[in-house]
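Structure first, commentary second.
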Amino acid sequence: MPLPTSPVDESLIHSRIQAVREQIPEHVEIMAVSKGYSADHIRAAYQAGIRHFGESRVQEAAQKQAQLQDLPDIIWHLIGHLQTNKVKPALKQFAWIDSVDSLRLAKLLNQKAWELHLSPKLCLQVKLAPDPNKSGWSISELLQSLPQLDQLLQVQISGLMTILPLGLDSETALELFRKLVELADHIQRSGYEHLNLQTLSMGMSEDYPLAVAAGSNLIRLGRALFAEADRKEG
Ligand SMILES: *Cc1c(COP(=O)(O)O)cnc(C)c1O
């Protein structure tokens with residue numbers, strides 16, 4: 001089903017992106033989370049200089065990617081849970097898979113990437129606080145899996161990603177974001193040859209200032225950039 005085209009307020013998107021840029025250090029990348037928004041929204045953010053785009057669903061992204069083939073330097077990130085039967089199309093469509101939430105999925109991505117001669121970047125999704133609605137590694141599960149993750153030579157394990165549970169107070173949120181930074185530091189210092197966790201993908205529209213204060217270098221913004229009224233559940 002094609003997404004309905006909606007008139008896009010380009011100047012609103014530009015000014016919102018500018019406003020976020022003014023609040024964050026230059027080394028922090030903005031990922032525009034375009035799930036539910038049209039290819040024209042993506043184009044408007046692209047014109048304002050955004051290159052990283054995040055989509056939650058493989059199928060929804062495919063339609064927009066087909067309309068945006070004239071923008072070859074877009075960097076597509078898959079940020080939603082990936083079902084094992086969609087690994088192949090996901091690898092063809094996304095340079096980054098930021099929501100790797102199990103060893104089984106990581107191994108399958110490695111195998112299929114080898115078959116397709118691709119070398120995708122992966123982020124490991126960590127669950128810092130119990131949350132029944134979210135998938136991801138607990139810290140102890142992740143630490144146990146590191147030796148096996150380090151053997152996956154076809155993929156580039158490049159960072160950690162987290163989504164905090166809703167409704168935390170700022171102090172708790174800041175503490176959890178710091179925990180992810182410490183975890184990445186700890187892993188970096190543990191001497192795994194093939195793990196290089198430079199990317200810390202944390203912070204969304206509601207909490208990105210806290211995430212940046214804690215050390216995020218990739219914030220994922222949907223509602224902060226695009227008008228909520230334009231959003232189609234797709
Ligand atoms: C939707 C989504 C976002 C963006 O959320 P906003 O609150 O609209 O900024 C970021 N990360 C993930 C994983 C998402 O699913």
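List of remarks:
- Taking the listed residues Ile163, Ile187, Ile157, the one that is closer than 24 Å to Leu105 by Cβ, within 16 Å of the ligand (Cβ to nearest atom) and at pLDDT 95 or above is Ile163, with no other qualifying.
- Inter-residue pairs, beta-carbon under 8 Å, first without any contact (Cβ under 8 Å) to a residue 60 or more places away in the chain and in region 211-224, second part of a helix (DSSP H, G or I) and open to solvent by 10 Å² or more (accessible area, probe 1.4 Å), 6+ apart: Ala213/Leu174; Ala214/Leu174; Ala214/Arg178; Ala214/Val181; Gly215/Arg178; Gly215/Val181
- Summed over region 205-234, residues that are of a type outside the set (Ser, Thr, Tyr), within 20 Å of Tyr46 (Cβ to Cβ) and within 16 Å of the chain's Cα centre (by Cα) total 8.
- Test for Ile139: is it aliphatic (A, V, I, L, M) and either within 13 Å of the ligand (Cβ to nearest atom) or closer than 23 Å to Ile50 by Cα (or both): no
- Qualifying residue in region 51-71 (condition: open to solvent by 20 Å² or more (accessible area, probe 1.4 Å), closer than 24 Å to Leu195 by Cβ and within 15 Å of the ligand (Cβ to nearest atom)): yes
- Residues within region 153-181 that are within 13 Å of Cys123 (Cα to Cα), open to solvent by less than 30 Å² (accessible area, probe 1.4 Å) and part of a loop (DSSP other than H, G, I, E, B), tallied: 1
- Leu210 in a strand (DSSP E or B), of a type outside the set (S, T, N, Q) and touching a helix residue (DSSP H, G or I) at 6+ places or on another chain (Cβ under 6 Å): no
- Region 214-232, subset part of a helix (DSSP H, G or I) and buried (at least 16 other Cβ atoms within 10 Å of the Cβ), residue farthest from the ligand (Cβ to nearest atom): Ala214
- Odd one out for Asp101 among (1) closer than 27 Å to Ser190 by Cβ; (2) more than 16 Å from the ligand (Cβ to nearest atom); (3) not basic (Lys, Arg): (2)
- The numbered conditions (1) in contact (Cβ under 8 Å) with a residue 60 or more places away in the chain; (2) outside any loop (DSSP other than H, G, I, E, B) are all true for Ile42 except (1).
- Region 72-90: number of residues that are open to solvent by less than 10 Å² (accessible area, probe 1.4 Å) and over 12 Å from the mean Cα position of the chain (by Cα): 3
- Test: residue in region 96-107 that is of a type in the set (Ser, Thr, Tyr) and either exposed (fewer than 15 other Cβ atoms within 10 Å of the Cβ) or touching a residue at least 60 places away in the same chain (Cβ under 8 Å) (or both): yes
The values are calculated or read from the model by the stated rules, or taken from the named source; none is laboratory data. In this text, all values refer to a predicted model and were calculated from it rather than measured experimentally. All Cβ positions, even for glycine, are placed from backbone atoms using ideal geometry, and neighbour counts span all protein chains on display. The area values use the complete protein model at the heavy-atom level, side chains included, leaving out ligands, DNA and RNA. Shrake-Rupley method; radii C 1.70, N 1.55, O 1.52, S 1.80 Å.
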